[in-house]
Amino acid sequence: TFAGSPKVATQNPFQVNTGISYYFDGTGDYLSIASSVALTIGQSSATVEFWIYPTSVSGYQRLITTSIGAFTSADFVIRFNNGTFIAGHATNSVSSSTVPVINQWSHIAWVGVGGTAYIYVNGIQQTW
């Protein structure tokens, strides 16, 4: 579910002006997904992935979340926090050591396998 007012755009990471993407302007726009056991670290295996074209990576920006209010330990989120990707739950998350390049497409993937979570930026597993 989209929150805020994301706009349909024609930019995509594969070819300019040939596909559909959504533009999130950083002011209250984000994608909310239903809470799921699959997103709980240690419960099952799951992957959440997407392409992003950030125009800023500063401050606190939610990208994908199961919560629209205060976080609980069950809520899943992928977000920027002053240039670093953080993904997972309020009490169990992973972060990237790579800051995404502004004005360039990057592929982001959160992978939960059993009790371990990983985050990949452009196919490279991140260390934290």
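For this structure, a couple of remarks:
- Selection of segment 23-63 for residues being modelled with pLDDT of 70 or more, among the polar types (S, T, N, Q) and not in a strand (DSSP E or B) yields THR27, SER45, THR55, SER56, SER58.
- Matching option when the condition is exposed (fewer than 12 other Cβ atoms within 10 Å of the Cβ), modelled with pLDDT of 65 or more and within 15 Å of the chain's Cα centre (by Cα), among THR66, THR1: THR1
- So ILE108, is it closer than 14 Å to TYR60 by Cα, at pLDDT 80 or above and open to solvent by less than 30 Å² (accessible area, probe 1.4 Å): no
- Failed item, numbered, when HIS89 is tested on (1) within 23 Å of ALA3 (Cα to Cα); (2) open to solvent by less than 70 Å² (accessible area, probe 1.4 Å); (3) at pLDDT 80 or above: (3)
The values are calculated or read from the model by the stated rules, or taken from the named source; none is laboratory data. Bear in mind that the values here come from a model prediction, so they are computed numbers and not experimental data. When we count neighbours, we look across all protein chains shown, and the Cβ atoms used for this are built from the backbone with ideal geometry, even at glycine. Just so you know, the surface numbers come from the protein's heavy atoms only, side chains and all, with ligands and any DNA or RNA stripped out. Shrake-Rupley method; radii C 1.70, N 1.55, O 1.52, S 1.80 Å.
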